[in-house]
Amino acid sequence: MDLIERRYLTDAWHDLGASFDVVTPTTGEPLGRAADCGPDEAKQAIDVAWNAFESWRATSPFERAQILRRWHGLIMDHQEELGRLMVHEMGKPLREARGEVAYAASFVEWYAEEGKRVYGEWIPSHTGGKRLMAIRQPVGPAYAVTPWNFPAAMLTRKAAPALAAGCTMIVKPAEQTPFTALRLAELWLEAGGPAGTLQVLPTNDPAALTGVMMADPRIRKVTFTGSTEVGRILYRQSAETIKKLSLELGGHAPYLVFDDADLEKAVREVTACKFRNAGQTCVCTNRIYVQDGIHDDFVAAFADSVRGLKLGDPLSDGTDIGPLVDAQGMAKVEDHVADAVGRGAQVVVGGSRREGLYYEPTLLVGVEPGMKLLEEETFGPVAPLLRFATEDEAIARANATPYGLAAYLYTRDLSRALRVAEALEYGIVGINDGIPAVAHAPFGGVKQSGIGREGGPWGIDEYLETKYLSLGIG
Ligand code: SIN
């Protein structure tokens, strides 16, 4: 790939002198250079978003739906191209990248229709002389900070409901993945999206650019997917101008496998959940608790499954795990494994780095509380396995974390499934399902994993305000 793009998009494409290197984790070679937008470009983008909002909000949801549907079609027409671009930018296997493009497009398709269902309400009046109504209107220009682990889907999960609701959006993509965001915005324009409704500003100095967005009262909504640490800063900064906020932050997902689980299926789901995107997913399980009665069989079957995963070139068919995104990500994975092994955990499979940014799919047993990988998100292909005796113990250990994004359980007992799912303090619970996220269901966390929901009708609410109208009829 030869990507030398110094472009950013406001209501037109601009070339910027200032730029930064984007390196592919697949080989460590330069992939291209991206525009390094700063405070001046941020101010320019806010003016554009504000002006474009006036006319975009006035279009009908049916008109917006037509553009969104065309965008959906174009994204799918470019599935292979976008998929390969993501592989180069952040290293996920091509099969997963193609899947992510379809997942990204599904948000666009879903919100094209949901925009038509932003209903108001007629409120029974306390007097014959008044009629009361509640209507829902777009909140205004929105600022989105998107992550590198799902460069396409996290952009459309935010932009599609925003645009369907009549908001304009400025996107700051992660430094590692600016080109996917720029290409998606190009397709939005090709679909007929009016200039200025969706802007993309890459930057190598996120704090400087974001600072301008957070301080400006015309940015009415901020949506962020990323770490809890950065989420806290944005939460604080948004207080100054009282912005509407959604935060999809870190997780530390437990997976509870009960004695009565179907072993084969449980192994398959846990493997998919843990090793998807090389473990670099907010909802990947970070700790697998297996009940005493099934523990040894599960370890043996899971070890076989992990051994069977193919690590290598993400562009090759059959590769299950590609490189980690960067050296920092690799350092964290190595540190967590070294810490666990140093404190007595045993490596059953993997446990080492290969050349470049490739880390072996790893299974650890003998994991104990206090080890780093039970406290922080490892964000890598490392599965720590623990054992438990009773349901109450499993629930207590699963909930003993400041995070609350996703949790999973495997059981054939329906009563237990519902009892445990209700007791887990998480925004998402996968019951016999390791990959529950879809465009039409709510995605988001509780506790320090965030606020707000993306997906389904909940996702468009985040871009709407409710206005009360009281009509005196004399
Ligand atoms: C994430 O890591 O936040 C996205 C995962 C998903 O949508 O399944």
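Taking only protein heavy atoms into account and a 1.4 Å probe, give the accessible area per residue of the range 1-111 in Å². For the range 1-111, the per-residue accessible area is 43 Å². Exceedance of the 22 Å cut-off in Cα-Cα distance is limited, within the set K265/K372; K116/K158; K221/K467; K116/K467; K158/K221; K92/K274, to K265/K372. When DSSP beta bridges are restricted to pairs lying wholly in the chain, around 40% turn out antiparallel. Amide H contacts for E5 (H built 1.01 Å from N in the peptide plane; partners 5 or more residues away or on another chain; cut-off under 5 Å): R33.
Could you work out the relative contact order of the range 319-395? I mean the mean sequence separation of Cα pairs under 8 Å and 6+ apart, divided by the number of residues, in percent. All intermediate terms of the calculation are to be shown ahead of the outcome.
Numbers: 106 pairs, mean separation 23.3, N = 77.
Relative contact order of the range 319-395: 30 percent.
In whole percent, how big is the carbon plus sulfur part of the accessible area of the chain, probe 1.4 Å, protein atoms only? So the carbon and sulfur contribution to the accessible surface is 51 percent.
For the range 253-438, with every protein chain kept in place, what is the accessible area per residue (1.4 Å probe, Å²)?
Accessible area per residue: 38 Å².
Taking GluC sites (Glu not before Pro) in DSSP loop conformation with at most 13 other Cβ atoms inside 10 Å as exposed sites, the chain has its longest uninterrupted site-free stretch at 1-239. Database remark: amide H of R136 closer than 5 angstrom to the amide H of K467 (H placed geometrically; neighbours at sequence offset of 5 or more, or on other chains; Pro and chain starts carry no H). For the range 410-424, backbone phi angles converted through the Karplus equation (6.51, -1.76, 1.60; θ = phi - 60°) give residue-by-residue couplings of 10, 7, 9, 8, 4, 4, 4, 4, 6, 4, 5, 4, 5, 7, 6 Hz, Gly and Pro being listed as x.
The values are calculated or read from the model by the stated rules, or taken from the named source; none is laboratory data. The model shown is predicted, which means the values in this text are computed figures rather than measured ones. Note: ideal-geometry Cβ built from the backbone for every residue, glycine included; neighbour counts use all protein chains shown. Ligands, DNA and RNA are excluded from the accessible area calculation, which covers all protein heavy atoms including side chains. Shrake-Rupley method; radii C 1.70, N 1.55, O 1.52, S 1.80 Å.
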